[in-house]
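Here the structure is laid out as structure tokens; the discussion comes afterwards.
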Amino acid sequence: MKNKSGQSTVEMAFLMPLLVMMIGAALFILYVSWQGIRTQQAANLAARVQGQERVAGGTSIGGIAQDNGSTTDSTSGVNTDVGVGFADFNPMSMLGAAPTRPVAGGGLAGKINKLVRDLFPGTSETEAYVPPPVIGQNVDTVSVIRKITMPRIPFLNNPGTAPQVTIQGTAYGGEDTFMYGLPRWGTTASAADPEWKTLVNQKGDKD
Amino acid sequence: MSLPHSSGRRMRRLGERGQFIPMTYMLLFTSVFFLVAVINMYMVAQAKLQAQNIADAVALAVAALEAKSINVVMDRDEWMNHMYPDSQINKNNKNQFPGISDAAKHPFANSSDNPDLQQYAQLVNTINMAQTMFQAAYNRFLGATDGTTGQNYGPGGLSAILHEITALNDANVRVMVFNTDDGESKAAQHQQDLINNGKANFPITGSDNIEPQGMASVPFVNEEVHIQNQNETLTEALYGKGKVPPGTQPVGWMRPDWSGSKDHSTLKVTTGAGQNSAQIGAGAIVIKHIQLMSPFFRDVYLTAESKAYVVKDSGLSVQPGTLRASATGGTTGDPPPHFFPTYYVKLGARS
């Protein structure tokens, strides 16, 4: 009897760690897959917000540029939506260039980052974030990065050296970068001061 | 006597000794089976999400191009209201050209005076020609089949518009773009055909995977301006009364035709809860082909559809409350004091 039970125990002792590791790996793959889907969902949502706000928001060209993360308030990074004039706005700089990421959570870029962080509660700023979107002429590309630290395997890796798995979800939004490029003949918030007059005056000052 | 005993003991020992290993194998096999199932489910869910995003982005980008076309044309309308600096505009000065919004009631002098009505009609006609050229250029990019063929026409034009969607470089993705109800039906049928013969159609090689289906021009109405104190239209002022060639484009201003009065020029889009109505917009059907880790269901074709529309209230193209049936069919209306070329687009709701 000793012999029989001993054999089974020895088998179990050899195979159990392997089995536990395999089950652990399976669970990790399951978790990464689930996070991959969530990351893509977050990217889709971020792209929609990016696209919609680019065509449906903004009261001034500077405000739109700032909202899109193309320029920032140098002191706080928070969108104030005032005080940024046409002279500060260079549409060509938006073509394919990575805009400046707001320092704080202001503007559209800040809003998207907050939205994504809310979708992954408990994650730090380095574990779930949105890099600056790639601004295109017609369509922008928005990516969401999710970094997952692999569980530490006893005796195999040192504390703090556990490898990270990076998941990236990419989606497309930002339908018309230059829809606001048209001169605004109508009046702005200040009825006595049409936008086109402001633009013409500022252009005259520069020349 | 000892053999059966010995044999039975060996059998019992063999059975007992292998208990853990077969169970482990079974567990491992089941784990691997479920793991493959999970990976397949992940691939399907991921691809479906990507296909939906591509469909949304394509529909919005094409609808935005339509909005841009409307804005550019209407911006020229408003340009005709700013031919003088605002501070110098005198609506009662018969020697000054009026803005197009005020032209009907302007006290034009007799044609012997300068500037006369005919010169004004020539100026407006020149701007109308520029508007028509802009329309044609945008329609060519859209791949509108009633446009003039040439460079950037059809799929090539759409590819130029959509090239920033890098996911369309995937040979396993095909997109059908439409902006009419007729085109939507054609796209749905084509989608079915492609899937039915999937292996022959995916991955796509040697041709463009962006296919316009029943694309039509953005519908515009050319509004005539009737000069009240001369009792003639600008078209008549240009060509002479009774001398207007048949089929001549009216001289005046242009606005988008939201009524769908031109055959097959609009797309039904759900803009709110249960409100499925004719809109100026565009749609896209995307098919994405993936291969699963399965010997039984290897090829899977995921589809997604999306529609976007130009928001009618986001700009102003006609004086509210003045739209009425036109004597020549369709509708007509009065120009607003100022045009607002500020149209933008939204995604339609899932219907």
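Miscellaneous remarks
- Helix axis angle, B:117-142 relative to chain B longest principal axis, alpha carbon, degrees: 10 degrees
- Fully extended contour minus Cα-Cα distance, from B:Ala137 to B:Lys199, at 0.36 nm per residue: 18.6 nm
- Over segment B:274-351, Cα pairs under 8 Å with separation of 6+ residues give a relative contact order of 29 percent.
- Amide proton proximity set for A:Val165, modelled H, under 5 Å, gap of 5+: A:Ile148, A:Thr149, A:Met150
- Rounded to the nearest 0.05, the FRET efficiency derived from the C-beta distance between A:Thr149 and B:Asp102 at R0 = 60 Å is 0.30.
- The distance between label points at B:Leu27 and B:Asp313 comes to 6.3 nm (points 7 Å beyond Cα on the Cα→Cβ vector).
- Contact order for segment B:5-347, expressed relative to its length and based on alpha carbon pairs under 8 Å spaced 6+ residues apart, stands at 24 percent.
- Ranked by the mean number of other Cβ atoms within 10 Å of their residues, highest first, the peptides B:244-255, B:280-291 come out as B:280-291, B:244-255.
- Within the accessible area of segment B:5-347 (1.4 Å probe), percent carbon and sulfur: 54 percent
- Farthest positive-ward along segment B:5-347 dipole, Cα basis, beta-carbon charges - from B:Thr266, B:Leu347, B:Thr126: B:Leu347
- Accessible surface buried once A binds B (1.4 Å probe; total of both sides; Å²): 4100 Å²
- Spin-label model, B:Asn276 to B:Thr126: label points 7 Å out along the Cα-to-beta-carbon direction sit 4.9 nm apart.
- Segments B:328-336, A:17-25, A:131-139 sorted - mean Cβ within 10 Å per residue, highest first: A:131-139, B:328-336, A:17-25
- Sorting the segments B:45-54, A:27-36, B:20-29, B:228-237 by their mean number of nearby beta carbons within 10 angstrom, highest to lowest, gives B:45-54, B:228-237, A:27-36, B:20-29.
- Peptide B:69-82 - average C-beta neighbours from other chains (10 Å radius): 2
- Segment B:Lys94-B:Asn231, length gained on full extension (0.36 nm per residue, minus Cα span): 47.7 nm
- Gained length - A:Leu115 relative to A:Glu11, 0.36 nm times residue gap less alpha-carbon distance: 32.4 nm
- Helix B:20-79 vs. chain B, principal-axis angle (Cα, 0 to 90°, nearest 10): 0 degrees
- Among the residues of B:47-58, the average count of other protein chain beta-carbon atoms within 10 Å of the residue beta-carbon is 5.
- Segment B:170-315 shape via C-alpha gyration tensor axes, a/c threshold 1.5: prolate
- Compactness of segment B:5-347 is given as radius of gyration and Dmax, 30.8, 134 Å, from Cα positions.
- Placing pseudo-labels 7 Å out from each Cα toward the beta carbon at B:Gln192 and B:Ser87 gives an inter-label distance of 6.7 nm.
- Cβ-derived FRET efficiency at R0 35 Å, B:Phe34 paired with B:Ser159, nearest 0.05: 0.25
- Couplings 3J(HN,Hα) of segment B:184-189, computed from phi: 5, 4, 5, 5, 5, 5 Hz, in residue order, whole Hz [Karplus 6.51 cos²θ - 1.76 cosθ + 1.60, θ = phi - 60°; x for Gly and Pro].
- In degrees, nearest ten, helix B:2-17 long axis to first principal axis of chain B (Cα): 20 degrees
The values are calculated or read from the model by the stated rules, or taken from the named source; none is laboratory data. None of the values given here were measured: they were computed from a predicted structure. Here the Cβ is made from the backbone with ideal geometry for all residues, glycine too, and neighbour counts use every protein chain on show. Surface areas here come from the heavy atoms of the whole protein model, side chains and all, with no ligands, DNA or RNA. Shrake-Rupley method; radii C 1.70, N 1.55, O 1.52, S 1.80 Å.
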